[in-house]
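Student: Before we start, here is the structure in question, set down as structure tokens.
The values are calculated or read from the model by the stated rules, or taken from the named source; none is laboratory data. The shown structure was predicted, so the numbers you read here are calculated from the model rather than taken from an experiment. Heads up, the Cβs are rebuilt from the backbone with ideal geometry, glycines too, and the neighbour counts pull from every protein chain shown. Heads up: the accessible areas ignore ligands, DNA and RNA and are worked out on the full protein's heavy atoms, side chains in. Shrake-Rupley method; radii C 1.70, N 1.55, O 1.52, S 1.80 Å.
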Amino acid sequence: MKRVHRSPNLLQKVWQHPQGKLGLVLVCLLVITALAAPLIAPFDPYDVTQRAEKGLSPSLTHLLGTSISTGQDIFSMLVYGTRVSLLVGVVTGLSTMFLGAFMGILAGYGGRLWDTLIMRVVDVMLVIPTLPLTIVLTNLFGKSYGMIIFIFTIFGWVGLARVIRSQVLVLKNSNYIKAAQLAGASKLYVMFQHILPGVSHLLIMSTALTSAGIMVAEAGLSFLGLGDPTAISWGKMLAEAQSGGALLFGHWWWIMAPGIGIFISVFAFMRVGLALEEVFNPRMKRSGALIRLFKSMNSSYIQQIFDDMEERGIPQIEDAMERGTV
Amino acid sequence: MLKLQDLEVSFPVRAGLFSKRRCIRAVRQVSLSIPRGQIVGLVGESGCGKSTLARAVIGMQKPTSGQVLFEGEDLYALPPAQFKTARQGMQMVFQDPFSALNPRFEVGRTIAEPMQIRGGYSKTEMEERAVELLLKVGLNESDKNRHPSDFSGGQRQRIGIARAIALNPQLLVLDEPVSALDVSVHAQIMNLLMDLHEELGLTYLFISHNLADVKDISHQVGVMYLGSLMERGQTASVFEQPLHPYTRSLLAAVLSLDDQRPPVITKGDIPSPIEVPLGCPFASRCPQTKPRCLQEQPQLLEWQPGHFAACHFPLVN
Ligand SMILES: Nc1ncnc2c1ncn2[C@@H]1O[C@H](COP(=O)(O)OP(=O)(O)OP(=O)(O)O)[C@@H](O)[C@H]1O
Ligand SMILES: [Mg+2]
């Protein structure tokens, strides 16, 4: 049987996925908010001259009131906070993808020596506790988002590299690569024409999922005071709300605002990531959406997905391609 | 055109944690030659080393010892650049038509890939040639824009064949090219292979465990057992007058032999390739084993003109 129509592309597939559509819409909204923050926010929270009376309740000028400690407009802080969250999340997602892809392909396709070397490093990285090390490093080298991105990347590539490596090992033995080698293909040709496209779907998915996980982690670190002290981020807003006595004065909106911001952004990226996962791997129906969402708040869940895929065998994705679902 | 001399391929294995290292001798001292334009069939049970031999022939498995002479040159002794050019003179068709094609490539790209890799072709040249090849293997021009997932096993095998002949190779190694296909498709692909052989003057090394296929297509046959070549000769003489008891038992199992000799009944199991016994590899299952068979491995000798067998007591009338 020959099908005549061309299968829709990846973006269309995610768009057709009911949860994926919501995720994509939210991601777009977040990006717009981050880019157009000065247009959306009524005040510039970085500008000390634009501070109002401290601890105002929500009103038309101050939609979410002002902070008790500094008198900054909370709604404007919420809008500007999107920038930090997205920037750290997406940049880390991308850098993790590049490092993970590089290491995974090098391990899987670079020969025995690289494989042993990289897999030993992976084993070591997996047992190093991240949080204490982050505290030490930020204290040593100063608190900045660059540092946070660096640390998350250094620890984040490990899981991805493992998945990529096992997929590369599968691809390496496929007959179409043997046929290319027979025709005289170089290692670089095989890598760029067959191997890299063969793992690209894993890379796209991983970027979305990692970004989501990192946004939670970034909020956590900022809350602990490990983020850039000069930047306005949701995690830092939460910390200020707590130390400024938001609960004491009943200013629940001060806490809710960054909380909802974090929730929505993680939700959006996670949705896109999981929709991608189902598009690539339709047989693998996971637990209900709500449970997954709670799980997704924990960044180690991403690792679980990867471990799971490694166990069940990634060739399934190849099967999915065979059946034309991708 | 292709000559194998005492080809030996062994893989180191460790049978257990504390046992000493052993070797699987997947291909044992095989000598074989394939004249230009001929089809040489290779039969043998699963695991007897056919694929390993094929991989050694096309330069993907360095032999432990022995030589692969392609156009008179020792393939594995060539410097890398010449090795590459020599190897472009041979191509392979794979058993599994599903993993043989990249699911992300359009068929046209798959077929044009060897030309793209070799270089020196313009885009239109490659496209035209891809279409020509598609038609040659019995597909349509419009198929070039489809993906492998749109095709059945037999059609995919046709695509694999088109890719294999894209660079006009002299030698085609066909490793069980029809084993994975349904009966009807099976016959179509066999016919296609025979047509292409005639039309393009190709040389084939045709590997199969199906005796009927080998009989249909080959000029000469080799019979392998546990890595060794047991018998070889013209197809007609091997099939009508097998010299080796192993060949005879293979034939008896499939074809009805209409001669008067008592049928050979093969008993026992195939020994593990790790522990191939001293003497004749087939001795443990042969119906006519004599003490000499257990001690001395028979050489492949020419018992009749052009008909070789590795047996101390061949079935010569
Ligand atoms: N890379 C390898 N490492 C170790 N052993 C191997 C390797 N490749 C093949 N072998 C062994 O060599 C023997 C011959 O294998 P081969 O695949 O050549 O057999 P075959 O005749 O092609 O079988 P089939 O009909 O199943 O394809 C088998 O026992 C196999 O286990
Ligand atoms: Mg085989």
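Student: Output the residue which, of all residues in segment B:29-38 that are open to solvent by 20 Å² or more (accessible area, probe 1.4 Å) and more than 22 Å from residue B:190 (Cβ to Cβ), is farthest from ligand 1 (Cβ to nearest atom).
Tutor: Within segment B:29-38, the subset open to solvent by 20 Å² or more (accessible area, probe 1.4 Å) is B:29, B:31, B:33, B:35-38.
In the following step, the residues that additionally are more than 22 Å from residue B:190 (Cβ to Cβ) were identified as B:29, B:31, B:33.
Details: B:29: 15, B:31: 17, B:33: 20 Å.
Ranking the qualifying residues of segment B:29-38, first place goes to B:33.
Student: Follow-up. Where residues in segment B:93-129 are within 16 Å of ligand 1 (Cβ to nearest atom) and open to solvent by 30 Å² or more (accessible area, probe 1.4 Å), which of them is farthest from residue A:174 (Cα to Cα)?
Tutor: To start, the set of residues in segment B:93-129 that are within 16 Å of ligand 1 (Cβ to nearest atom) comprises B:93-100.
Narrowing the set further to residues that are open to solvent by 30 Å² or more (accessible area, probe 1.4 Å) leaves B:95-96, B:98-99.
Details: B:95: 12, B:96: 10, B:98: 10, B:99: 6 Å.
Of everything passing the filter in segment B:93-129, B:95 is farthest from residue A:174 (Cα to Cα).
Residue-by-condition table, conditions (1) open to solvent by less than 90 Å² (accessible area, probe 1.4 Å); (2) of a type in the set (S, T, N, Q); (3) part of a loop (DSSP other than H, G, I, E, B):
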| residue | (1), (2), (3) |
| --- | --- |
| A:26 | yes, no, no |
| A:33 | yes, yes, no |
| A:38 | yes, no, no |
| A:43 | yes, no, yes |
| A:56 | yes, no, yes |
| A:71 | yes, no, yes |
| A:90 | yes, no, no |
| A:98 | no, no, no |
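Student: Looking only at segment B:39-85, count how many residues are more than 23 Å from residue B:310 (Cβ to Cβ), open to solvent by 20 Å² or more (accessible area, probe 1.4 Å) and away from ligand 2 (no atom under 16 Å from the Cβ).
Tutor: The qualifying residues number 15.
Student: Quick one: in segment B:81-96, of everything that is more than 7 Å from every other protein chain (Cβ to nearest Cβ) and of a type outside the set (A, V, I, L, M, F, W, C), which residue is nearest to the chain's Cα centre (by Cα)?
Tutor: Looking only at segment B:81-96, we keep the residues that are more than 7 Å from every other protein chain (Cβ to nearest Cβ), and these are B:81-83, B:85-86, B:89-90, B:93, B:95.
Still in the list and also of a type outside the set (A, V, I, L, M, F, W, C): B:82, B:85, B:89, B:95.
Numbers: B:82: 24, B:85: 22, B:89: 17, B:95: 11 Å.
Among them, the one singled out is B:95.
Student: Something else: Looking only at segment A:2-20, filter to residues that are more than 16 Å from residue A:205 (Cα to Cα) and under 22 Å from the mean Cα position of the chain (by Cα); which one of those is modelled with the highest pLDDT?
Tutor: Within segment A:2-20, the subset more than 16 Å from residue A:205 (Cα to Cα) is A:2-8, A:16, A:18.
Within this subset, residues satisfying the condition of being under 22 Å from the mean Cα position of the chain (by Cα) are A:16, A:18.
Working: A:16: 84, A:18: 80.
Among those that are more than 16 Å from residue A:205 (Cα to Cα) and under 22 Å from the mean Cα position of the chain (by Cα), it is A:16.
Student: Every residue in segment B:165-196 that is under 15 Å from the mean Cα position of the chain (by Cα) and part of a helix (DSSP H, G or I), please.
Tutor: Once the filter is applied, which keeps residues that are under 15 Å from the mean Cα position of the chain (by Cα) and part of a helix (DSSP H, G or I), segment B:165-196 yields B:190, B:193.
Yes/no per residue for (1) without any contact (Cβ under 8 Å) to a residue 12 or more places away in the chain; (2) more than 10 Å from chain A (Cβ to nearest Cβ); (3) out of contact with any Phe, Trp or Tyr (no Cβ under 7 Å at 6 or more places or on another chain):
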{"residue": "B:27", "(1), (2), (3)": "no, yes, yes"}
{"residue": "B:43", "(1), (2), (3)": "no, yes, yes"}
{"residue": "B:57", "(1), (2), (3)": "no, yes, yes"}
{"residue": "B:74", "(1), (2), (3)": "yes, yes, yes"}
{"residue": "B:98", "(1), (2), (3)": "no, no, yes"}
{"residue": "B:112", "(1), (2), (3)": "no, yes, yes"}
{"residue": "B:120", "(1), (2), (3)": "yes, yes, yes"}
{"residue": "B:123", "(1), (2), (3)": "yes, yes, yes"}
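Student: Moving on. Out of B:152, B:218, B:179, report the one residue that is within 16 Å of ligand 2 (Cβ to nearest atom) and touching a residue at least 12 places away in the same chain (Cβ under 8 Å). Walk me through it before giving the result.
Tutor: Working: B:152 fails: within 16 Å of ligand 2 (Cβ to nearest atom); B:218 fails: within 16 Å of ligand 2 (Cβ to nearest atom).
Answer to the check: B:179.
Student: Also: Can you name the number of the only condition in (1) open to solvent by 20 Å² or more (accessible area, probe 1.4 Å); (2) within 12 Å of another protein chain (Cβ to nearest Cβ) that residue B:164 fails?
Tutor: (1)
Student: Which of the residues belonging to segment B:39-62 are more than 12 Å from ligand 1 (Cβ to nearest atom) and at pLDDT below 95?
Tutor: Step one: of segment B:39-62, the residues more than 12 Å from ligand 1 (Cβ to nearest atom) are B:39-41, B:58-59.
The answer is B:58, B:59.
Student: May I ask you to list the residues in segment B:231-255 that are over 18 Å from residue B:302 (Cβ atoms) and among the basic types (Lys, Arg)?
Tutor: Scanning segment B:231-255 gives a single hit, B:248.
Student: Where the second residue is of a type in the set (Lys, Arg) and the first is without any contact (Cβ under 8 Å) to a residue 40 or more places away in the chain and lies in segment A:9-34, which pairs have Cβ atoms under 6 Å and are six or more apart or on separate chains?
Tutor: Between residues of segment A:9-34 that are without any contact (Cβ under 8 Å) to a residue 40 or more places away in the chain and residues that are of a type in the set (Lys, Arg), the close pairs are A:15/A:21.
Student: Residue by residue through segment A:124-160, note down the ones that are under 21 Å from residue A:210 (Cα atoms), small (Gly, Ala, Ser) and surrounded by fewer than 17 Cβ atoms within 10 Å (Cβ to Cβ).
Tutor: Matches in segment A:124-160: A:144, A:146.
Student: Going by what's in this entry, would residue B:10 be described as more than 16 Å from ligand 2 (Cβ to nearest atom) and either more than 30 Å from residue B:115 (Cα to Cα) or acidic (Asp, Glu) (or both)?
Tutor: For residue B:10, the condition - more than 16 Å from ligand 2 (Cβ to nearest atom) and either more than 30 Å from residue B:115 (Cα to Cα) or acidic (Asp, Glu) (or both) - is met.
Student: Oh, and also: Evaluate segment A:209-230: report whether one residue or more is of a type in the set (Ser, Thr, Tyr), assigned to a helix (DSSP H, G or I) and surrounded by fewer than 24 Cβ atoms within 10 Å (Cβ to Cβ).
Tutor: No, because not a single residue in segment A:209-230 is of a type in the set (Ser, Thr, Tyr), assigned to a helix (DSSP H, G or I) and surrounded by fewer than 24 Cβ atoms within 10 Å (Cβ to Cβ).
Student: Working only within segment B:133-149, note down all residues that are within 11 Å of chain A (Cβ to nearest Cβ) and without any contact (Cβ under 8 Å) to a residue 12 or more places away in the chain.
Tutor: As a first pass, look at segment B:133-149 and keep what is within 11 Å of chain A (Cβ to nearest Cβ): B:139-140, B:142-143, B:145-149.
B:140, B:142 - these are the residues of segment B:133-149 that are within 11 Å of chain A (Cβ to nearest Cβ) and without any contact (Cβ under 8 Å) to a residue 12 or more places away in the chain.
Student: Taking the condition of being at pLDDT 90 or above, more than 12 Å from ligand 1 (Cβ to nearest atom) and in contact with a Lys or Arg (Cβ under 8 Å, 6 or more places away or on another chain), how many residues in segment B:1-28 meet it?
Tutor: Adding up the residues that qualify gives 1.
Student: Could you list, in sequence order, the residues of segment A:243-276 that are within 24 Å of residue A:206 (Cβ to Cβ) and among the hydroxyl-bearing types (Ser, Thr, Tyr)? Walk me through it before giving the result.
Tutor: We begin by selecting, within segment A:243-276, every residue within 24 Å of residue A:206 (Cβ to Cβ); these are A:261-276.
Hit for segment A:243-276 is A:265, nothing else.
Student: Considering only segment A:176-196, state which residues are closer than 20 Å to residue A:162 by Cβ and without any contact (Cβ under 8 Å) to a residue 12 or more places away in the chain. Quick ask: steps written out before the conclusion?
Tutor: Kept after step one, since they are closer than 20 Å to residue A:162 by Cβ, are these residues of segment A:176-196: A:191, A:195-196.
Answer for segment A:176-196, where residues must be closer than 20 Å to residue A:162 by Cβ and without any contact (Cβ under 8 Å) to a residue 12 or more places away in the chain: there is none.
Student: Answer yes or no as to whether residue A:10 is within 14 Å of another protein chain (Cβ to nearest Cβ) and either under 30 Å from residue B:154 (Cα atoms) or in contact with a Ser or Thr (Cβ under 7 Å, 6 or more places away or on another chain) (or both).
Tutor: Values: within 14 Å of another protein chain (Cβ to nearest Cβ): yes; either under 30 Å from residue B:154 (Cα atoms) or in contact with a Ser or Thr (Cβ under 7 Å, 6 or more places away or on another chain) (or both): yes.
Yes; evaluated as a whole, the condition is true for this residue.
Student: Taking residue B:72, is it at pLDDT below 90, near ligand 1 (Cβ under 9 Å from one of its atoms) and at positive phi? Walk me through how you get there before you give the answer.
Tutor: On the way: at pLDDT below 90: yes; near ligand 1 (Cβ under 9 Å from one of its atoms): no; at positive phi: yes.
It is false that residue B:72 is at pLDDT below 90, near ligand 1 (Cβ under 9 Å from one of its atoms) and at positive phi.
Student: Please work out which one of (1) more than 9 Å from chain B (Cβ to nearest Cβ); (2) open to solvent by 30 Å² or more (accessible area, probe 1.4 Å) is the condition residue A:167 fails and give its number.
Tutor: It fails just one condition, (2).
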